[in-house]
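In what follows, a structure is listed as structure tokens, so that the remarks can point back to it.
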Amino acid sequence: MSIPTSTSVTESAVIEAPLSSVWHLIKLQDFSKFWSKLDKSEYVKGASDETDIVKWAFKDGTVLEMKQEEHSSIDHYITYSIISSQPALSYTSVVSTVRLYSVTSGKHEGQTFVTWTGNFSSDADAGVIEDAKFKRREALADLAAAAGKK
């Protein structure tokens, strides 16, 4: 087993679309509309009165249920945590944030800078961290393609 050098991941991209076009896609229940690895993303009905639970079903058979922890339409970010996984996760927890920034000057003015972070519990191994990086990069590329079509 390799020991991770870090338990956090940050992937980012400049998306050639205005922030409003990208933000429109950043809803946990709608990630399957742009992320090609997802088969379905939807609310779990009746799971909780206090919070929204969303299920992501990946094409490889993995199913994640997550709770939206924070959401800001003003600062353009969502934070979510995984609450269950099939198959079971090999680590205790992860909290992720997708954050959007409007690029206001320079070559990319009018486009959107997106960061997608993941903060994992200390028992996450290097394979988990690498997988998280890869998945986020893929999803950001899919997001760029979807936002560009709008």
### Task
With a cut-off of at most 13 other beta carbons within 10 Å, and DSSP calling the residue loop, which trypsin sites (Lys or Arg not before Pro) in the stretch 34-117 qualify? Please list them.
Lys45, Lys59, Lys107
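Can you work out the FRET efficiency for the pair Ala141 and His71, with r the C-beta to C-beta distance and R0 = 30 Å, to the nearest 0.05?
0.80
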### Summary
For the chain, the longest principal axis of the Cα atoms and the Cα long axis of helix 126-149 enclose an angle in degrees, to the nearest 10, of 30 degrees
### Task
Could you go through the stretch 16-21 in sequence order and give the Karplus-derived ³J(HN,Hα) for each residue, using 6.51 cos²θ - 1.76 cosθ + 1.60 with θ = phi - 60°, rounded to whole Hz, and x for Gly and Pro?
7, 7, x, 3, 4, 5
### Message
Under the rule of at least 5 residues apart or a separate chain, name every residue whose amide H is placed under 5 Å from the amide H of Ala17.
### Response
Thr112
### Summary
Note on the chain: contact order normalised by length, alpha-carbon pairs under 8 Å, 6 or more apart, percent, works out to 33 percent
### Task
Could you tell me what percent of the accessible area of the stretch 8-148 is made up of carbon and sulfur, with a 1.4 Å probe and every protein chain present?
47 percent
## Note on the structure
Computed over the chain, protein heavy atoms only, probe 1.4 angstrom, the accessible area per residue in square angstrom equals 56 Å²
### Query
What are the residues whose amide H is under 5 Å from the amide H of Asp39, where those residues sit 5 or more places off or on another chain and H is modelled from the backbone?
Ala57, Phe58, Lys59
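Would you mind counting up the charge near Ser93? Only other residues with Cβ under 12 Å from its Cβ, with Lys and Arg at +1 and Asp and Glu at -1.
-1
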### Summary
Plugging the Cβ-Cβ distance of Ser122 and Asp30 into 1/(1 + (r/R0)^6) at R0 = 35 Å yields, to the nearest 0.05, a FRET efficiency of 0.65
### Message
Just to compare against my own numbers: the Cα pair-distance distribution for the chain, 5 Å bins, whole % per bin, please.
### Response
2, 9, 17, 23, 21, 14, 9, 4, 1, 0
### Net charge, Ile82 excluded, C-beta distance under 9 Å - Lys, Arg +1, Asp, Glu -1
0
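The values are calculated or read from the model by the stated rules, or taken from the named source; none is laboratory data. Owing to the predicted nature of the structure, the values given are computational and were not obtained by experimental measurement. When we count neighbours, we look across all protein chains shown, and the Cβ atoms used for this are built from the backbone with ideal geometry, even at glycine. SASA here: full protein model, heavy atoms, side chains in, ligands and nucleic acids out. Shrake-Rupley method; radii C 1.70, N 1.55, O 1.52, S 1.80 Å.
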